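To start, the structure itself, in C-alpha cells.
The values are calculated or read from the model by the stated rules, or taken from the named source; none is laboratory data. Since this is a predicted model, take the numbers as computed values, not measurements. Note that each Cβ is placed from the backbone with ideal geometry, even for glycine, and that neighbours are counted across all protein chains shown.
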C-alpha cells in the first residue's frame, strides 16, 4: 500500500489517500486539545497508544458483529481504514454523569444514570460541535431517519459490548463519542475509540484514565493512557507487516 497526499489534518489525526481508492491511511498524532482547541499540548506517545487502543477496540467490536472502518495496523502510530462518507453527526453515549452534562443539567458528576443517555452533536469545529436532535438532523439533511435509527441501535449495542468488556478490566465506561460513515451504502463505525474520545474511570478508585487528566491539569496523562493500553493488551504491541 502506498501513502499519497494528505487529505485532512484534525486535532488528533492526519488522513492520507492511498493508491487504493477505497482505503485511507491514518496517522495518529501526539497533539492534545481540549475546550474546542482553546487548550493545546503534546503528550509523548499518545499517537501510538491511541492507534493501538483504537485498533484493539475495533477488533473487539468486529468480533461482535459491529462493522467498522478498521483494516489493519501498519505501524505503531498508523492504520489503514476503509474510505467513508462521514455523517456529520457525533454520537455521545453517557452511562455516568460527567463533564458537560453535569454542568448543563446541574447533576453531580459521578451520578450513575438508570439508563444510558444518547446525545447528538453537529460535527463542526468552528461552531463548537453544538448539540442537536433528530429534527435538526432531518431538516439539515445530515442523515435519513433510517440511517439515524441504525446509528442509534449500533451506538447502544456498542455501549453494551464495551461497558461489559471494560468492566471485566475493572474500568467503568463513563461516556464516549462515536462517529459513523457510509461505506457502499451501509452505515458503519468510523473515527477512533480511545482515551481521547472516552471517559474511563478505575472501577475501584474512580481514578480518571482518560483525556480529563489533560483537560483538568491532573497530570499523569500519558500514564493514564498507558494504563488503559496495558489493561486491554497486557502491554503487547503487534504490528502487521
Every listed condition ((1) farther than 20 Å from residue 177 by Cβ; (2) part of a strand (DSSP E or B); (3) touching a helix residue (DSSP H, G or I) at 6+ places or on another chain (Cβ under 9 Å)) holds for residue 74 save (3)
Filter result for residue 73 (at pLDDT 95 or above and either under 16 Å from the mean Cα position of the chain (by Cα) or under 20 Å from residue 201 (Cβ atoms) (or both)): no
With the first residue restricted to region 1-18 and required to be without any contact (Cβ under 8 Å) to a residue 24 or more places away in the chain, and the second required to be assigned to a loop (DSSP other than H, G, I, E, B), Cβ contacts under 7 Å at 6 or more apart or on different chains are 2/19; 4/19; 14/29
Residues of region 105-127 being under 14 Å from residue 88 (Cβ atoms) and either surrounded by 14 or more Cβ atoms within 10 Å (Cβ to Cβ) or in contact (Cβ under 8 Å) with a residue 24 or more places away in the chain (or both), in sequence order, are 120, 121, 122, 123, 124, 125
Q. Does region 81-101 contain any residue that is at positive phi and not in a helix (DSSP H, G or I)?
A. no
*asked:* For the structure I just gave you, tell me whether residue 221 is over 21 Å from residue 81 (Cβ atoms) and surrounded by 14 or more Cβ atoms within 10 Å (Cβ to Cβ).
replied: yes
Residues in region 85-95 that are surrounded by fewer than 20 Cβ atoms within 10 Å (Cβ to Cβ) and either farther than 16 Å from residue 163 by Cα or more than 16 Å from the chain's Cα centre (by Cα) (or both) total 3
Given (1) more than 20 Å from residue 232 (Cα to Cα); (2) part of a loop (DSSP other than H, G, I, E, B), residue 33 misses just (2)
Taking region 1-42 and keeping residues at pLDDT 90 or above, surrounded by fewer than 21 Cβ atoms within 10 Å (Cβ to Cβ) and touching a helix residue (DSSP H, G or I) at 6+ places or on another chain (Cβ under 6 Å) leaves 29, 30
Within region 52-71, the count of residues that are over 23 Å from residue 120 (Cα atoms), touching a residue at least 60 places away in the same chain (Cβ under 8 Å) and not in a loop (DSSP other than H, G, I, E, B) comes to 4
